[in-house]
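Down below is the structure, laid out as structure tokens.
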Amino acid sequence: MSNIIDGKAVSQSVKDRIKVEAAQLKEKYGVTAGLAVIIVGDDPASRIYVNNKKKACEYVGFDSYEYALPEETTESELLELISKLNNDDRIDGILCQLPLPKHIDENVIINNISPYKDVDAFHPVNVGKIMIGDYNFLPCTPAGVMELIASTGVDIKGKECVVVGRSNIVGKPMSMLLLHKSGTVTICHSKTKDLKAECKRADILIAAVGVPNLIKGDMIKEGAVVIDVGMNRLDNGKLCGDVEFESASKVASYITPVPGGVGPMTIAMLMQNTLTAAKVNRNLI
């Protein structure tokens with residue numbers, strides 16, 4: 001039976017560390033990190049995420065600024081707000097909650113957030129920096145996955161690492177972070193010919209494709225570390241991941257549950273990026 005990786009406990013330890021560092025930053029330099037969160041429209045899931053980010057800021061000692069805009073906000077109006085925030089010294093990080101309404105081009109918005117305040121690490125400049133391994137910010141979910149792997153004590157160096165999913169938000173940056181830690185990385189996707197065979201080779205298996213229970217226990221190598229990034233809602237209303245937990249947990253050495261695994265890490269790593277931004281923007285690192 002697997003060891004369960006407790007994302008809530010790991011994320012709490014990350015936030016506790018950030019809280020201490022934030023207090024030191026304030027005491028030594030009089031600096032309080034500031035995070036601006038923009039939400040356009042009133043998508044219920046987005047509203048929950050935004051509220052959770054505000055709570056996390058309060059816990060670690062950051063200032064948070066919410067900009068709740070109506071659904072009919074135009075792209076030019078949103079760009080005008082972003083321009084103001086880019087030039088506001090109180091703001092270290094800018095996060096625009098996705099998805100945006102269909103009449104707004106997400107890429108245009110992402111590209112107009114200053115790379116120095118891009119705490120989602122979605123801007124092409126930051127994506128490029130991750131590629132070469134010289135970065136300030138990491139996308140929050142992949143960064144959280146790396147923390148979870150570290151919590152197991154398993155060394156990535158030389159391990160066969162398989163990432164199922166090639167999204168710009170998780171799959172691609174995830175593969176780069178594993179590569180930077182000297183993992184041997186395979187990326188699988190919808191055109192992969194034999195997914196089971198690829199997964200079966202993995203010492204570290206990361207599922208991030210958004211298909212409920214895609215990865216079964218018989219696709220997993222005995223003793224593998226399994227990280228389930230998926231968050232899917234079934235017809236009965238229950239949440240499940242991309243990994244069939246019951247069968248997988250009988251084979252893996254470590255496994256993340258859904259919920260309670262990767263999810264809590266995302267906001268913790270957003271706090272880490274905001275703290276880093278506060279230091280970078282004031283030439284403190």
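Of all residues in the range 163-178 being closer than 15 Å to E198 by Cβ and among the small types (G, A, S), which is surrounded by the most Cβ atoms within 10 Å (Cβ to Cβ)?
Looking at residues that are closer than 15 Å to E198 by Cβ and among the small types (G, A, S), I get G165.
Of all residues in the range 108-125, count the ones that are among the β-branched types (V, I, T) and closer than 20 Å to S64 by Cβ.
Selection size over the range 108-125: 3.
Residues that are assigned by TED's automatic domain parsing to the domain that holds I169, buried (at least 24 other Cβ atoms within 10 Å of the Cβ) and among the acidic types (D, E): does the range 220-228 have at least one?
Yes, that holds for at least one residue.
Are any residues in the range 90-110 surrounded by 16 or more Cβ atoms within 10 Å (Cβ to Cβ) and outside any loop (DSSP other than H, G, I, E, B), and if so, which ones?
G93, I94, L95, C96, I109, I110
Being over 19 Å from G171 (Cα atoms), modelled with pLDDT of 95 or more and touching a Lys or Arg at 6+ places or on another chain (Cβ under 6 Å) narrows it down to one of K250, K221, K200, so name that one.
K221
Filter the range 179-208 down to the residues that are surrounded by 21 or more Cβ atoms within 10 Å (Cβ to Cβ) and out of contact with any helix residue (DSSP H, G or I) (no Cβ under 8 Å at 6 or more places or on another chain), then identify the one that is farthest from L239 (Cα to Cα).
The qualifying residue farthest from L239 (Cα to Cα) is G183.
Which helices (runs of 4 or more DSSP H) does the range 1-89 wholly contain that include 2 or more residues that are out of contact with any helix residue (DSSP H, G or I) (no Cβ under 6 Å at 6 or more places or on another chain) and not assigned by TED's automatic domain parsing to the domain that holds K102?
Once the helices (runs of 4 or more DSSP H) in the range 1-89 are filtered for at least 2 residues that are out of contact with any helix residue (DSSP H, G or I) (no Cβ under 6 Å at 6 or more places or on another chain) and not assigned by TED's automatic domain parsing to the domain that holds K102, what remains is 7-29.
Take the residues in the range 231-285 that are among the β-branched types (V, I, T) and under 19 Å from K117 (Cβ atoms), then tell me which one is surrounded by the most Cβ atoms within 10 Å (Cβ to Cβ).
T274
So, A56, is that one aliphatic (A, V, I, L, M), under 16 Å from N273 (Cα atoms) and in contact with an Asp or Glu (Cβ under 7 Å, 6 or more places away or on another chain) or not?
no
The values are calculated or read from the model by the stated rules, or taken from the named source; none is laboratory data. Since the model is a prediction, treat every value here as computed from it, not as a measurement. Glycine also receives a Cβ, built like all others from the backbone with ideal geometry; neighbour counts cover every protein chain displayed.
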